Amino acid sequence: MIVKLNHLQGKAAATSAQDVIGTVYTLLEEGHIEKAQFARLQIELDWIQYKQNFREVVIATQGYNERGQQVPIMDVHVDTRQVVPGCLRAALLRALARSTPGAPQEQDRLPLEQFQSMRTSIVWEFNKLYWSRLHDWELATGKGYEQALPGGQSDGHNPEAIADSVADFWTLLRDLESKNQLPPEIYLLEIGVGTGTRCGMWLTKFRTVDQERGTDYYPRLRVLLGDYSLATLDMSKPAVEDHADLCSFLVLDALNPLKTLSFLRHKIMQVHTTNVYDNLPDEEVVRRDGKLYFVQVRAYLPMADVAALSNEFEIPPDKLRSTVSRLLSGSTDFLGDAERGVAFWMQLWNAIRLEERLVLVEDLPDFPFPQGLDAGKVEDILKEAPSDFRFHLSSGALASFLNTLPLLHPRGYLQVQDIFVTDLDQYRLGFYGPGKLDGSLLNWVNGALLKEVAERAGYNVRFAPFTYRKGSRTSVLYTTRRE
Amino acid sequence: MVGSYAMPGWLERLKTEYFARRISRHDLDEIYDAAAKAAIKDQEIAGLDIVTDGEPRRDNMVDYFVERLPGVQIDRSSKKFYYDFYDSVVQGKLPMASLGLVPDFNFLQTFTERQTKICITGPHCLSKRIRNQYYPSEEALATDIAKVMNLELKALVKAGAKYIQIDEPYYSGFPEDLPWCVKVLNTMVEGVDAKIAVHICYGNRYGKPSWEGSYRYLFPTIMEAKVHQLTLEFARRGGEDLDLFKEFNTNFELGVGVIDVKTDDIETPEMVADRIQKALKVLPPERIFILPDCGLFHLSRDVAFAKLKAMVEGTRIVRKELGK
């Protein structure tokens, strides 16, 4: 048995490690765990970044081959933040029993889908629902979504960060002008506009700097605010009212900005995005004993929550799945009134968990890697990576990244402020999500992977910690042209 | 073709395998030969009148020449990926010696009966990539590179080369260098008895432009260049700069880029024909050559082939309209 404690570094819950080891040994002695299984067991003591997440206190992740037969590999994840005295034994027994061949699978939970890549899981439909019905959610909680962020507001609004960003951009324009290479129209793109506050503040600051220095760049700016939610775009308009003549609002899929903006290929000077990549569909891979396993997930509701939802909203348990489908079709007033519909949605989202299984990748060259990756690149990247670890493929972030780069002017750059794993070695020290943030989903982004992929696309990537707010976990990705 | 054909993913991986010392030089050379034959055949099937070897042997447009330039030292450990540039340095006067490009030309001649073109990266571009620790100026380094290359061009002509293209994409990034660039270019082509084209684009590193702007910076200085043809990109950038050939009375032929090599979108023959017609408004047909904007290196083979076919079909439409 291997026990990984790294994730608990500096966390108060480290004391529960002894409890886990003691409990597992007891189960071994009592015959609940077979010796062969014990030898291959890998227990990870996790500290999930987001308290609201998709995990039960203990989950066992069994390995399978591509034909659905079990292979002798099992990861047991213990979310130490959720451990309460006396719960471990029962939770461990329950998790291990589920992985026993032939064990009844569905007694304690109601699956909401089949096992599949997390990228296509139903949880992303909940995420989409949240952004399209944000107003309903905010009305119910009485809080704006930014208040749910760590620190209570977006780091994107930090005035010092904005001033530095403006200064860098002005310097770039000045340099281009000195070489007679400044285009007549200067395009900027913001992907994921939020409340529009950052964009409004940035433009106001830029106008001030431009006027002070007498360069007259401000009237040449063409600012594109893109978001896939029309409701969010509408919400952002007041914040940029002062600069309305320069701004255009676009419904845009963050996964493929190029699709909407192909007419601006190689023309955009600056693309900025804050907390968007962490909110795009993702999937994970485990490397174990020299082999790769793809993590498949299945969303489910624990039976206790099924009963609670059923009682409170008078929905028979056998109608719960179809009720969820109706909710995800975009309607929140299906329970008679909108308020009740939102209450159901919130309670349901809070209850949803993800179970996992590992599926051996037997044919790497034909594996459906996300855009920008293939077997050769993955093998190259893994050469320098830890031998046993779990990492994000960051499929959505990769797609967005690669479909944004072609928009950049030869001297243009992309700035992404987000929660990044900036080095694959960091995966040794922590499990990075996914978590729930209000009604949305978020996940750390594999910045190390983006960096490698960017190099092949002609860009160097560097990460700068966001130093403008103490305790911020975000960092800023900057691209520069690679020669 | 401007020079390079699509670089297949499998060849990229094998090149990188070579740098990782997992396949031998001998095996790599055989792979290159096979890739070059395939590239030549694809161009013939697409219907091109003039073909190149597709340049599969070149890691990029710089290193293939830097490796061969006598007197230039390279750090072979400086490449992580085959497409990266070597770290190269010159610390003494370049000796006059062969670059060894004739075998490439002979190979091309052996495997096609079409007209051929060989492309060579120019001294200005190379002088921007080689760290200069000896010469008093970039111009002085570029001039000596041009002298070495002049010998090579003459050797190619002796081997039968009739059409040689010099690639100078960095002109557009450093327009202030142009006056000395033209002098260096003239040194390079002095006494070379072949059709000489100069390809000037806005860069194609990683399939994206390195600069933006207008070709106006070329005029009138470029008119002093003793070359026969300018090969320029117009498909991606639009045809506005074609008017420069009306404004300035040059004797150059014009290689008109009608295929955008920085997008996978495949042009229709009609789009190509339209682009050619725009060029015909400023120059007579006998002075126009039809090409892609730049090398097809960054496109997949399927896309590159389809684009070449569209280029040929578009040209046929115009030829028919012209009664040729």
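Scan the range A:347-358 and give yes if some residue there is more than 13 Å from chain B (Cβ to nearest Cβ), open to solvent by less than 10 Å² (accessible area, probe 1.4 Å), within 22 Å of B:HIS298 (Cα to Cα) and in contact with a Leu (Cβ under 7 Å, 6 or more places away or on another chain), otherwise no.
Scanning the range A:347-358 turns up no residue that is more than 13 Å from chain B (Cβ to nearest Cβ), open to solvent by less than 10 Å² (accessible area, probe 1.4 Å), within 22 Å of B:HIS298 (Cα to Cα) and in contact with a Leu (Cβ under 7 Å, 6 or more places away or on another chain).
For the range B:6-19: of the residues being within 14 Å of chain A (Cβ to nearest Cβ) and assigned to a loop (DSSP other than H, G, I, E, B), which is farthest from A:GLY376 (Cα to Cα)?
It comes out as B:MET7.
Residues in the range B:105-147 that are open to solvent by 50 Å² or more (accessible area, probe 1.4 Å), outside any helix (DSSP H, G or I) and touching a helix residue (DSSP H, G or I) at 6+ places or on another chain (Cβ under 7 Å): how many? Steps first, answer last, please.
Going residue by residue through the range B:105-147, those that are open to solvent by 50 Å² or more (accessible area, probe 1.4 Å) are B:106, B:109-111, B:113-115, B:129, B:131-134, B:136, B:138-139, B:147.
Narrowing the set further to residues that are outside any helix (DSSP H, G or I) leaves B:113-115, B:131-134, B:136.
Filter once more, so that each one left must be touching a helix residue (DSSP H, G or I) at 6+ places or on another chain (Cβ under 7 Å): B:114, B:132.
Adding up the residues that qualify gives 2.
Count, please, the residues in the range A:361-388 that happen to be touching a Lys or Arg at 6+ places or on another chain (Cβ under 6 Å) and either within 14 Å of another protein chain (Cβ to nearest Cβ) or open to solvent by less than 30 Å² (accessible area, probe 1.4 Å) (or both).
Here is the first cut: in the range A:361-388, the ones touching a Lys or Arg at 6+ places or on another chain (Cβ under 6 Å) are A:376, A:386, A:388.
Imposing the further condition that a residue be either within 14 Å of another protein chain (Cβ to nearest Cβ) or open to solvent by less than 30 Å² (accessible area, probe 1.4 Å) (or both) reduces the set to A:376, A:386.
Of the residues in that region, 2 qualify.
Among the residues of the range A:252-272, write down those that are part of a helix (DSSP H, G or I) and either within 14 Å of chain B (Cβ to nearest Cβ) or open to solvent by less than 30 Å² (accessible area, probe 1.4 Å) (or both).
Taking the range A:252-272 and keeping what is part of a helix (DSSP H, G or I), we get A:257-264.
Result: A:PRO257, A:LEU258, A:LYS259, A:LEU261, A:SER262, A:PHE263, A:LEU264.
Could you list, in sequence order, the residues of the range A:45-78 that are in contact with a strand residue (DSSP E or B) (Cβ under 7 Å, 6 or more places away or on another chain), among the charged types (D, E, K, R) and at pLDDT 85 or above?
A:ARG55, A:GLU56, A:GLU66, A:ASP75
Which of (1) buried (at least 20 other Cβ atoms within 10 Å of the Cβ); (2) modelled with pLDDT under 95; (3) more than 25 Å from A:ARG411 (Cβ to Cβ) is the odd one out, the single condition B:ARG237 does not satisfy?
That leaves (3) as the condition not met.
I need a count of the residues in the range B:64-104 that are open to solvent by less than 10 Å² (accessible area, probe 1.4 Å) and in contact (Cβ under 8 Å) with a residue 60 or more places away in the chain.
Residues that pass the stated criteria total 4.
In the range A:56-168, which strands (runs of 3 or more DSSP E) lie fully inside it and hold 1 or more residues that are within 21 Å of A:ILE43 (Cα to Cα) and without any contact (Cβ under 8 Å) to a residue 60 or more places away in the chain?
Numbers: elements: A:58-64, A:70-79, A:109-111.
Correct list: A:58-64, A:70-79.
Need pairs with beta-carbon distance below 9 Å; first residue charged (D, E, K, R) and within the range A:249-260, second in a strand (DSSP E or B); sequence gap 6+ or separate chains.
The qualifying pairs are A:ASP253/A:GLY226.
With the structure loaded, tell me whether B:ARG22 is open to solvent by 60 Å² or more (accessible area, probe 1.4 Å), more than 14 Å from chain A (Cβ to nearest Cβ), in a loop (DSSP other than H, G, I, E, B) and free of Cβ contacts under 8 Å to residues at least 40 places away in the same chain or whether it fails that test. Walk me through how you get there before you give the answer.
Values: open to solvent by 60 Å² or more (accessible area, probe 1.4 Å): yes; more than 14 Å from chain A (Cβ to nearest Cβ): no; in a loop (DSSP other than H, G, I, E, B): yes; free of Cβ contacts under 8 Å to residues at least 40 places away in the same chain: yes.
Considered against the rule, which asks whether it is open to solvent by 60 Å² or more (accessible area, probe 1.4 Å), more than 14 Å from chain A (Cβ to nearest Cβ), in a loop (DSSP other than H, G, I, E, B) and free of Cβ contacts under 8 Å to residues at least 40 places away in the same chain, B:ARG22 comes out as no.
Would you point out the residue of the range A:215-236, among those that are in a loop (DSSP other than H, G, I, E, B) and open to solvent by 60 Å² or more (accessible area, probe 1.4 Å), that is farthest from A:ILE162 (Cα to Cα)?
Just the residues of the range A:215-236 that are in a loop (DSSP other than H, G, I, E, B), to begin with: A:215-217, A:228-229.
Restricting the remaining residues to those that are open to solvent by 60 Å² or more (accessible area, probe 1.4 Å) gives A:216, A:228.
Working: A:ASP216: 19, A:TYR228: 24 Å.
Taking the candidates together, the pick is A:TYR228.
When residues of the range A:146-191 are filtered for being away from every other protein chain (no Cβ under 13 Å), surrounded by 15 or more Cβ atoms within 10 Å (Cβ to Cβ) and polar (S, T, N, Q), how many remain?
Adding up the residues that qualify gives 4.
Take the residues in the range A:438-483 that are assigned to a helix (DSSP H, G or I) and open to solvent by less than 50 Å² (accessible area, probe 1.4 Å); name whichever of them is nearest to the other protein chains (Cβ to nearest Cβ). Let's see the steps before the verdict.
First pass over the range A:438-483, keeping only residues assigned to a helix (DSSP H, G or I): A:447-456.
Next, from what is left, pick out any that are open to solvent by less than 50 Å² (accessible area, probe 1.4 Å): A:447-450, A:453-455.
Values: A:GLY447: 18, A:ALA448: 15, A:LEU449: 16, A:LEU450: 16, A:VAL453: 12, A:ALA454: 10, A:GLU455: 7 Å.
So the residue we want is A:GLU455.
Can you pull out every residue in the range B:274-291 that is in a helix (DSSP H, G or I) and over 23 Å from the mean Cα position of the chain (by Cα)?
Of the range B:274-291, the ones in a helix (DSSP H, G or I) are B:274-280, B:285-287.
Scanning the range B:274-291 gives B:ASP274, B:GLN277, B:LYS278, B:LEU280.
Looking at the range B:71-78, can you tell me whether even one residue there is in contact with a helix residue (DSSP H, G or I) (Cβ under 9 Å, 6 or more places away or on another chain), more than 13 Å from chain A (Cβ to nearest Cβ) and of a type in the set (D, E, K, R)?
Our first condition is that a residue be in contact with a helix residue (DSSP H, G or I) (Cβ under 9 Å, 6 or more places away or on another chain); within the range B:71-78, this holds for B:71-72, B:74, B:76.
Checking the rest, the ones that are also more than 13 Å from chain A (Cβ to nearest Cβ) come to B:71-72, B:74, B:76.
In the following step, the residues that additionally are of a type in the set (D, E, K, R) were identified as B:76.
Within the range B:71-78 (the criterion being in contact with a helix residue (DSSP H, G or I) (Cβ under 9 Å, 6 or more places away or on another chain), more than 13 Å from chain A (Cβ to nearest Cβ) and of a type in the set (D, E, K, R)), the answer is yes, since at least one residue qualifies.
The conditions are (1) out of contact with any helix residue (DSSP H, G or I) (no Cβ under 6 Å at 6 or more places or on another chain); (2) touching a residue at least 40 places away in the same chain (Cβ under 8 Å), and B:ASP42 fails exactly one of them. Which is it?
It fails just one condition, (1).
The values are calculated or read from the model by the stated rules, or taken from the named source; none is laboratory data. The structure displayed is predicted, hence computed values, not measured ones. Please note: Cβ atoms are built from the backbone with ideal geometry, for glycine as well, and neighbour counts cover all protein chains shown. Quick note on the areas: whole protein, heavy atoms, side chains included, nothing else; ligands and nucleic acids left out. Shrake-Rupley method; radii C 1.70, N 1.55, O 1.52, S 1.80 Å.
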